[in-house]
Amino acid sequence: MKTVQVKVLNPKIMEDAAFSLPTRATDGSAGIDLRACIDAPLTIKAGSTHLVGTGLAVYIDNPDYAGMILPRSGLGHKHGIVLGNLVGLIDADYQGELMVSIWNRSDTDFVLAPAERMAQYVIVPVVRPEFEVVTEFSEQSARGAGGFGHSGRQ
């Protein structure tokens, strides 16, 4: 996959220099930054969530890929700002606006500024296997049915 279609839903992305089309911060960046497409600063109270638009729609159009919205590590570590759903999975056939569920898990209010980088979007390959129903697995693994914490610290 070399290209995906991006639709600008909010004209301020094209008109306001603070906003921008999706870009990678560096050549080595895996994802693109998603910016808050809001008109004014948004206060996210401690412990609360807000659904924030990006002003963009991305159409992957290939079921062998999916988009993932991931938190920005600096916002999470320094300010407790993560995703309300922890990871957003965007199917290849979705054509609506990319929305970001912002969760302030800290005990301090956070102000999200217009055009601020709030999350990142990564496109990943998807394996779509056929499922075979069996009564027994074809071989016994070393772990078997060992559950949570079975191989280390409880």
Positive end of the charge dipole of segment 4-154 (Lys, Arg +1 and Asp, Glu -1 on Cβ, about the Cα centre): tell me which of THR54, GLY67, LEU112 has its Cα farthest that way.
LEU112
Between PHE137 and ASP93, what's the calculated FRET efficiency when r is the beta-carbon distance and R0 is 35 Å? Round to 0.05.
0.60
Find the centroid of the Cα atoms in segment 103-139 and in segment 22-65, then give the distance between the two in whole Å.
13 Å
Where does each of 79-87, 42-50 land if you order them by average Cβ count within 10 Å, highest first?
79-87, 42-50
Report in % the part of the accessible area of segment 1-98 that belongs to carbon and sulfur, leaving out ligands and nucleic acids; probe 1.4 Å.
51 percent
Leaving ligands and nucleic acids out of the surface, order SER138, SER73, SER29 by accessible area at 1.4 Å, largest first.
SER138, SER73, SER29
Using the crude model of +1 on Lys and Arg Cβ and -1 on Asp and Glu Cβ, and no other charge, please compute the dipole size for segment 74-154 relative to its Cα centre, in debye to 20.
460 debye
State in Å² the accessible area per residue of segment 1-99; use a 1.4 Å probe, count heavy atoms of protein chains only, and round to the nearest integer.
59 Å²
Where LEU21, LEU89 fall by accessible area, highest first, once all protein chains stay in place (1.4 Å):
LEU89, LEU21
If I model a spin label as a point 7 Å beyond the Cα along the Cα-Cβ vector, how far apart are those points for ASP61 and VAL124 in nm?
2.5 nm
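Can you give the FRET efficiency to the nearest 0.05 for GLU15 and ALA46, using r as the Cβ-Cβ distance and R₀ = 41 Å?
Efficiency, from the Cβ-Cβ distance: 0.75.
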Correct choice for Rg and Dmax of the Cα atoms in Å that was computed from the model, options (1) 19.3, 60; (2) 15.8, 58; (3) 17.2, 59
(1)
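The values are calculated or read from the model by the stated rules, or taken from the named source; none is laboratory data. Owing to the predicted nature of the structure, the values given are computational and were not obtained by experimental measurement. Backbone-built Cβ (ideal geometry, glycine too); neighbour counts: all protein chains shown. Just so you know, the surface numbers come from the protein's heavy atoms only, side chains and all, with ligands and any DNA or RNA stripped out. Shrake-Rupley method; radii C 1.70, N 1.55, O 1.52, S 1.80 Å.
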